[in-house]
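What follows is a short report on a single structure.
The values are calculated or read from the model by the stated rules, or taken from the named source; none is laboratory data. Model, not experiment: these values are computed from the prediction. Reconstructed Cβ throughout: ideal geometry from the backbone, glycine too, with neighbour counts over all protein chains shown. Heavy atoms of the whole protein, side chains included, go into the accessibility calculation; ligands, DNA and RNA do not. Shrake-Rupley method; radii C 1.70, N 1.55, O 1.52, S 1.80 Å.
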Amino acid sequence: MANNVFALDKFYQTLPPQQIAEVKVPSVLEYLAFSGGSIYLTIESATGKKIKIEKPSIVLDVFENDFLIELPEFKSKIDLPAQVYGAFGYKRKRAEFTAKIESVDGAQIRLAQPKHLTLHNLRRNPRLQIDKELIKKSLEVRIVGQTSIGKVDLKKAEIFEMSQLGISLFLDRTQGLLLPGDKIESLEISLEGRPVLKTSGVVSRVDMQRTSPSMPQSYEIVMLFRQPVIDDSQKPKQINRSAKRIPILDSRPCFFSAEHPFFPGRKIEGQAFEISGSGLSCMLEKTTFPIIRGMRFKNCQLQLPHCPPRDFVFEVAHVDFRSDGEVNQFKLGGEFISASVELIKDISNYAQKTSGGFVQDVTEEDFDLLWEFMFETNFVYQNKRKQIQNKSKEILETYHRLLSTDNPIIKKLIFKENQEIKGHVSAVRFYDHAWIIQHLNALKASGTSAAQEVVMGIVNFFYDVRANNNTETFYVMSFYRPDNLYPAILFGESCKRINDPLKSTTYDFGFGSYKPIEDLKNPLAEKVSVDEPDSFIKLSDHLIRQNKIPFMRAVGLGTTTSPELKISKSYDGVQLHRERHLLSLSAEDNTVFGLVETSSAGLNLSELTNSIYLFSEGQNPEILRALTEAVLAKAYEAFFAPQNLQMVVLQPAHQERTSTVEWSKVYTCWITTGAAVGDFEKAAATVMQDFKSLVVNARSIQSEEKQKA
């Protein structure tokens, strides 16, 4: 019957001693003589007196029935008859034997060959020596220890050996002395500037006689790994997971591999049984290479079904050993230290497929069906279709590139029932640190709300706080018209219920289209500054004064004095366009800023992604109007007209409007931090429960406003 084991100690108790038969004993002794391996001896006389030889002995020669051993610096007299108990390391285990002493000649003794050797697995895991070449590659060690006389901070140390349970190091005696029982609060190891291990432990053994050849004033310590002890008062009453765990199905296996940080080129491999946007758990076939809590693996890959392998950096959070008596495995769990948006998209897509629901990622096969759905739901109504008709080829090409390429800038979801699309939403990575949720529309589905399903699908994509941090997703945005009840209630009411403007907030922007005056130059336009570093600072200061801090941070202002966007490279990678510019013009303590955001046509069907945000400060309306018109004229001439793009204008709703813009509507900009997506999910759930009453209330308010108008 298989013996289920769930701990290292218990596993090793199940292994009986292994016998090396008499026929192989000479071969083992010959190998000891050849290698110069150390043997540790205890001599027992006929009277029972025992002498423990402190220094290791070596095998000098092996004969047909006996073998010769040398005892260095041994001067005691040995009374015969006597026998020897010997031990040495062999096959990563402890080999033991008993042999009769035949003769003694000074420091040399002749022993009868033992009939057998016994191997004991006393060492719970094999020790592996660290390659000296690795030490030369800037392998840096820092140890903070707690001794009875205070803390010691050792910055000069050298790793010698490592096992699953401990590590041996050479320490510089001049920097401090650690002794058995001293706690190691922190052991940090980095390779070429990259962290590869951070753990804690306790000093188990110290050898003051053993030194490193490269560190003359050194001594050896053996540290056993220990998890830091947390006081009960400091333990959280409830652990709230930032990630939703996704179980791996046998029918859709996922495979994990990584390069060991201390043994370059050596791979560990296994099969994941649980994943999330910020980490994974997997089972590894037992390996001789140690896997330690706090160890950081580079060159990791996760292979999900029908997806390319994704690279990431992984840190071990917990590791355990499991055996069913036949198969030995490591159970390994940890988190992504760095992971790509593409990997997060793959994991999200895997969760959608394994959940058995109707929500799925859009593929190029859905291209025609999606556009049919856009017209069927009247999302693209006739007037809008006419407005964007002259850009139809470019818009369709943008969609084609987004759907046919592996990219980090789009996440499009559909609710598909009976091969028909019933709901759609997308998220586009438009800023370095923010995504815009857009194009939410739905038809009636059987038994559920397609709109609610796709919204929750996109929320799940952003739910994992650690995944957001890894991909630098710090904000999620959305634009909707206040009279569009579904998003207005879902986003607006959820924002009210979160009741924390630093987590979730809304701003109203007036929306219009710029009307260029042909053959008429604006003389002030030549004075408009473009991408001046000082303008970025002044605009950020203005947004702070106007209490628009979330907006400022979401669009990537506040810490930059340059129009450069990191995300532009991702757009270039799929042959799409994305750039930013900042225009400004001042006169008599009045200033107008124009933040220009341009991209390939069709990224947003209302062209919010080809727009200029106007922000003004000052007390003179006439001067501000003139400055605004000059900034608009300059922006259109420099960035929109050359690309034959319509220039959409957005400005705070309370800001005075210029006549050179055809103002048509108001858009509400909803902004939520990546860390608060979980709060939004909870608030949204209560909003959906109250949805009918909220709709009735909203329609009543709209009716009253129309009557007043």
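Data overview
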quantity: Per-region count, segment 54-91, residues within 59 Å of the chain's Cα centre (by Cα) and at pLDDT 85 or above; calculated: 17
quantity: Any hit, segment 439-447, residues being within 14 Å of F680 (Cα to Cα) and either surrounded by 21 or more Cβ atoms within 10 Å (Cβ to Cβ) or touching a residue at least 40 places away in the same chain (Cβ under 8 Å) (or both); calculated: no
quantity: Meets criteria (of a type in the set (F, W, Y), touching a residue at least 60 places away in the same chain (Cβ under 8 Å) and part of a helix (DSSP H, G or I)) for F615; calculated: no
quantity: Candidates A317, A339 - the one that is over 22 Å from I458 (Cβ atoms), among the small types (G, A, S) and either at pLDDT below 90 or touching a strand residue (DSSP E or B) at 6+ places or on another chain (Cβ under 8 Å) (or both); calculated: A317
quantity: In segment 9-34, residue least open to solvent (accessible area, probe 1.4 Å) [restricted to those that are hydroxyl-bearing (S, T, Y) and at pLDDT 90 or above]; calculated: S27
quantity: Any hit, segment 348-355, residues being basic (K, R) and under 25 Å from P308 (Cα atoms); calculated: yes
quantity: Candidates T42, T47 - the one that is more than 51 Å from the chain's Cα centre (by Cα), more than 30 Å from M208 (Cα to Cα) and of a type in the set (S, T, Y); calculated: T47
quantity: Test: residue in segment 668-678 that is under 37 Å from the mean Cα position of the chain (by Cα), under 25 Å from K521 (Cα atoms), modelled with pLDDT of 95 or more and crowded, with 18+ Cβ neighbours inside 10 Å; calculated: no
quantity: Residues of segment 502-527 satisfying the condition of being open to solvent by less than 10 Å² (accessible area, probe 1.4 Å) and outside any helix (DSSP H, G or I); calculated: S504, F509, G510, G512
quantity: Residue within segment 322-335 that is among the β-branched types (V, I, T), more than 18 Å from the chain's Cα centre (by Cα) and in a loop (DSSP other than H, G, I, E, B) present; calculated: yes
quantity: Residues located in segment 618-636, provided they are closer than 15 Å to L582 by Cα and either outside any helix (DSSP H, G or I) or open to solvent by less than 30 Å² (accessible area, probe 1.4 Å) (or both); calculated: L627, T628, A630, V631, L632, A633, A635
quantity: Lone qualifier among Q146, Q175, Q129 - being under 23 Å from T287 (Cα atoms), of a type in the set (S, T, N, Q) and without any contact (Cβ under 8 Å) to a residue 40 or more places away in the chain; calculated: Q129
quantity: Qualifying residues in segment 443-476 (those that are in a helix (DSSP H, G or I) and of a type in the set (S, T, N, Q)) - the one farthest from A675 (Cα to Cα); calculated: Q452
quantity: Residue pairs meeting the criteria (Cβ under 7 Å; at least 6 apart or on separate chains; first closer than 22 Å to I436 by Cα and open to solvent by less than 10 Å² (accessible area, probe 1.4 Å), in segment 582-598; second of a type in the set (G, A, S) and part of a strand (DSSP E or B)); calculated: E597/S611
quantity: Matching option when the condition is under 31 Å from the mean Cα position of the chain (by Cα), surrounded by 14 or more Cβ atoms within 10 Å (Cβ to Cβ) and not in a loop (DSSP other than H, G, I, E, B), among R142, R110, R94; calculated: R142
